[in-house]
1. Just the number please: accessible area per residue for the range 286-361, 1.4 Å probe, all protein chains included, in Å².
2. Can you tell me the convex hull volume per residue for the range 114-198, based on C-alpha atoms, in Å³ to the nearest whole number?
3. With the contact rule set at Cα under 8 Å and sequence spacing of 6 or more, what percent relative contact order holds for the range 54-147?
4. Using Cα pairs under 8 angstrom and six or more residues apart, how large is the relative contact order of the range 2-110, in percent?
5. Which of the trypsin sites (Lys or Arg not before Pro) found in the range 152-196 are in a DSSP loop and have at most 13 neighbouring Cβ atoms, other than their own, within 10 Å?
6. For the chain, what are the DSSP H helices with axial Cα length of 27 Å or more and mean Kyte-Doolittle hydropathy of at least -0.5?
7. Dipole magnitude of the chain about its Cα centre, charges +1 at Lys/Arg Cβ and -1 at Asp/Glu Cβ only, in debye to the nearest 20?
8. Over the chain, what is the relative contact order in whole percent, taking alpha-carbon pairs under 8 Å and six or more residues apart?
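The values are calculated or read from the model by the stated rules, or taken from the named source; none is laboratory data. Since the structure is predicted, the reported quantities are computational estimates derived from the model, not experimental observations. Using ideal geometry, Cβ is built from the backbone for each residue, glycine included, and neighbour counts are taken over all protein chains shown. We work out accessible area using only protein heavy atoms, side chains counted, and drop any ligands, DNA or RNA first. Shrake-Rupley method; radii C 1.70, N 1.55, O 1.52, S 1.80 Å.
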Amino acid sequence: MKLRRCAVLYLESREALAIDWKSVLSGGNALAASTHWVALAPHLDLELDVGAAQVAALGAIGQTVWSERADAERGFGEDLIAQLLELGLLIGDTPQYAAQRERDDTLRNTHWRPLSALAHTFGRWRGVTGETGMEAPSFQALLERYGEPPPPTLDLAPEAAVKLPGAASGRLDEQLLQRYTGRNFDLQASVPLDVAARLLQRTFGAQEVRKVGPHSSVLKKTSPSGGGLHPIEAYVLVQRVDGVAPGLYHYHPIAHELRPLRALDAEAAGALARYMLADQHWLASAPLQVVMVARMERSFWKYRNHQKAYRALALDAGHLSQTFYLLAAEAGLPAFITAAINDADIEQTLGLDHLRHAVVAMCGCGPAGKGERTMVELRYGETEAI
Ligand SMILES: Cc1cc2nc3c(=O)[nH]c(=O)nc-3n(C[C@H](O)[C@H](O)[C@H](O)COP(=O)(O)O)c2cc1C
């Protein structure tokens, strides 16, 4: 049998702090620190405690060339090699280890930059709720806790400043100046079908399909996209859109269709929204929501093992979100965007593999509730309106 190390592996020396009561009682240092190794392998999606002997073996066995298991056993012992194969940190070429190998192959074949795979895998959330910190403190509370924040902008070379004329008014002004983040959606109101259709088509839809090869094409959208690849897909959660049953859909950007993935009653759709949004109840009631999911396969087909590719996916989602906000503003609707989502749970709901798809952010919109556009609407509510 042959083996090799998994494709991407980082080892973290993690510190654990504890109160050293013995030392405290004798007037010494109150904190005792100990360290241990944690293996972070994106294909496993698990943090694994490992010992120094395992670290030595993992450091000595290469990730590209297959080598004989017997040789590794001679160097590090049969039990230790068996443990590492079982954990999936070493990959074996026999059917017994096929499951671990399949995950490792998926990572290899997707052309991830290793550090990006690490940041993506271990930055995801599962089951985060309000109790675990999403209910952000007010600006006032932050001031008390952290003191003054850095100034709102840099103030460079004021003595050489070139005075500019005031911004002339323009055709985009109405949407740009009306745009705001809503956190008080009308629980009864729905989004008219034509408004939802325009929002989806002009944000996520193809304005043009360009053939670039015998079997390949690229889409032209209203937002720019790194490499012109448009790897972001729109999964739509409908709560209240006229003429569309509540549920989860995939928006097809060329066919301009909502393709049903899961029917939900209105209550279940609301509960799912709240869960996906990590318990942000002030956003969960928005009647139309979109989960933006990046297809790494599409992006990394061009940007193989690329340092900037993962960042570009987040930028793509940001552009789409602003377009969505402006179209919502045009329809007189507040909108939202958030990256504080239970992305690992969303993957499960949508049947996605985190090595091939990144759930980047959620946005949504809907008619404002009563008393809208007050400062209550702002997350950092106690500030003066400007
Ligand atoms: C990347 C990003 C993440 C955000 N995350 C959240 C969020 O988790 N919850 C929320 O209520 N608002 C979120 N917002 C909205 C901002 O808080 C909002 O844009 C900001 O307060 C300014 O308000 P405005 O959009 O009305 O100008 C997010 C905005 C961006 C761009």
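1. Spelled out: the 1.4 Å probe surface of the range 286-361, per residue, equals 37 Å².
2. 328
3. That works out to 13 percent.
4. Result for the range 2-110 is 33 percent.
5. When the trypsin sites (Lys or Arg not before Pro) of the range 152-196 are filtered for loop state and at most 13 Cβ neighbours within 10 Å, 163, 171 remain.
6. Answer set is 309-330.
7. Dipole about the Cα centre, nearest 20: 1380 debye.
8. 19 percent.
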